[in-house]
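Accompanying notes for the structure given below.
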Amino acid sequence: VEDADTDIDVDRDAPAGGEPTGLMRPSSFSPIEESIKEKTSQFYLDIGKNAEGDHGDTPSATNDSREANKPIAKRSKDVGYGHKVKPNEESSGLIYGIKFKNEDGTYIALTENQKIKILNEDMSKELKLARESGWDKKLAAIGTRWEDLDFKYQNALNSLAYNVGGPKAAKQWTTVLTAAKDKNIKDFAEEMRRKDNKKYTAGMDNRVVKELYYVGIVSNFSEVSSVLPLATADGSGVPE
C-alpha cells in the first residue's frame, strides 16, 4: 500500500470556471454530465465539511500533526475547508480573487459561499496537478484514460490528491489507479490508505471510509473495514 504524509503545503492557485446560466440550455447540454457535475460539487462539500472540517472564517495556526512541535506563531495558517494560506496570498490579501485581508493586516471573515468556492478551486487545482504530474501517463500505461474511469473513483482520487497534494499523489500512488480502473472496491480502499506524519491513524483510515461513502462507492463501513483496520463506523460517521 502506498502512503504519504497528509499535510503537504503546495500551491493551489487556479482560475475559476464558469457554468452556463439562464433559461436557454447550450446545444451540447447532457443530462448525465450535468448530474455528474452536481454530484461532484456535493462530494466536494461533503469532504470539506466531514473530512477536512471547517478551519474557520479567518486564518489561524494549523493543527497539522507535523507542525505540532513548532511555536504557534511559526506554524502555517489554515482557513475554510482545509485551505493552506500561502505567502503570496498573505501579501496580496487575496485567495482566488477573494479579499480576506485588509491593508492594515487584519483579516476579513470569509462567507460560507466564499469558503466553498475556495474549496472547489483547491480540489480542481490539485487534481490538475496530479494528472499533469503523472497520473495521466500511468493510466495510459495500464490501457485507460482519466475520462474512462467511473466518476465515483475520479472523485475519490481527487480527494486523495487534495489531501496529500497533487504532485505527491501522482508520484507515490500508482496501484490505486489499477484498482480504480477495475472498480475493485477493497483493493481501491486499501490503496487509498495513507499515513499522517508517517503513522497510520484512525483519523486517516476514517477519512478514506468517508471518501468512499460520500462518493457512493460503498454504502456501509463493513464493505471496507478489513482493509482499514483503524477506522470505525462511529468514527467515520458511516453506517455499519
**OP:** Name, by its number, the condition in (1) surrounded by fewer than 24 Cβ atoms within 10 Å (Cβ to Cβ); (2) assigned to a loop (DSSP other than H, G, I, E, B) that does not hold for Tyr213.
**Re:** (2)
Original post:
Only one residue in Ser41, Ser35 is open to solvent by less than 60 Å² (accessible area, probe 1.4 Å) and modelled with pLDDT of 90 or more. Which one?
Top reply: Ser35
Original post:
Any idea which of Leu157, Leu228, Leu177 is open to solvent by less than 10 Å² (accessible area, probe 1.4 Å) and part of a loop (DSSP other than H, G, I, E, B)?
Top reply: Leu228
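Would it be correct to say that Leu127 is open to solvent by less than 10 Å² (accessible area, probe 1.4 Å), within 16 Å of Val176 (Cβ to Cβ) and not hydroxyl-bearing (Ser, Thr, Tyr)? Break it down into steps so the answer makes sense when it comes.
Values: open to solvent by less than 10 Å² (accessible area, probe 1.4 Å): no; within 16 Å of Val176 (Cβ to Cβ): yes; not hydroxyl-bearing (Ser, Thr, Tyr): yes.
In short, no.
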Original post:
Which condition number in (1) open to solvent by less than 90 Å² (accessible area, probe 1.4 Å); (2) modelled with pLDDT of 95 or more is the one that Ser30 fails?
Top reply: (2)
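Please work out if Val238 is in contact (Cβ under 8 Å) with a residue 40 or more places away in the chain and not in a helix (DSSP H, G or I).
Values: in contact (Cβ under 8 Å) with a residue 40 or more places away in the chain: no; not in a helix (DSSP H, G or I): yes.
Here the answer is no, as Val238 does not meet what is asked.
Take the residues of segment 185-209 that are part of a helix (DSSP H, G or I) and surrounded by fewer than 21 Cβ atoms within 10 Å (Cβ to Cβ): which is nearest to the chain's Cα centre (by Cα)? It would help to see each step written out before you state the result.
Of the residues in segment 185-209, the ones part of a helix (DSSP H, G or I) are 185-192, 202-209.
Of the ones still in play, those that are also surrounded by fewer than 21 Cβ atoms within 10 Å (Cβ to Cβ) are 185-187, 190, 202-203.
Working: Ile185: 19, Lys186: 20, Asp187: 20, Glu190: 18, Ala202: 18, Gly203: 15 Å.
Among those residues, the one meeting the criterion is Gly203.
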**OP:** Taking the residues in segment 44-91 that are polar (S, T, N, Q) and open to solvent by less than 30 Å² (accessible area, probe 1.4 Å) as candidates, determine which candidate is farthest from Gly237 (Cα to Cα).
**Re:** Ser76
Subject >> Out of Ala179, Ala233, Ala156, sole residue that is of a type in the set (A, V, I, L, M, F, W, C), touching a Leu at 6+ places or on another chain (Cβ under 7 Å) and modelled with pLDDT of 95 or more >> reply: Ala156
**OP:** List every residue pair whose Cβ atoms sit under 6 Å apart, with the two residues 6 or more apart in sequence or on different chains, where the first one lies in segment 169-196 and is of a type in the set (Lys, Arg) and the second, anywhere, is in a helix (DSSP H, G or I).
**Re:** Arg193/Val208; Arg194/Met204
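The values are calculated or read from the model by the stated rules, or taken from the named source; none is laboratory data. Note that this is a predicted model, so its numbers are computed, not measured. FYI the Cβ positions are ideal-geometry reconstructions off the backbone, even for glycines, and counts take in every protein chain you see. Calculation scope for accessible area: heavy atoms of the full protein, side chains included, ligands and nucleic acids excluded. Shrake-Rupley method; radii C 1.70, N 1.55, O 1.52, S 1.80 Å.
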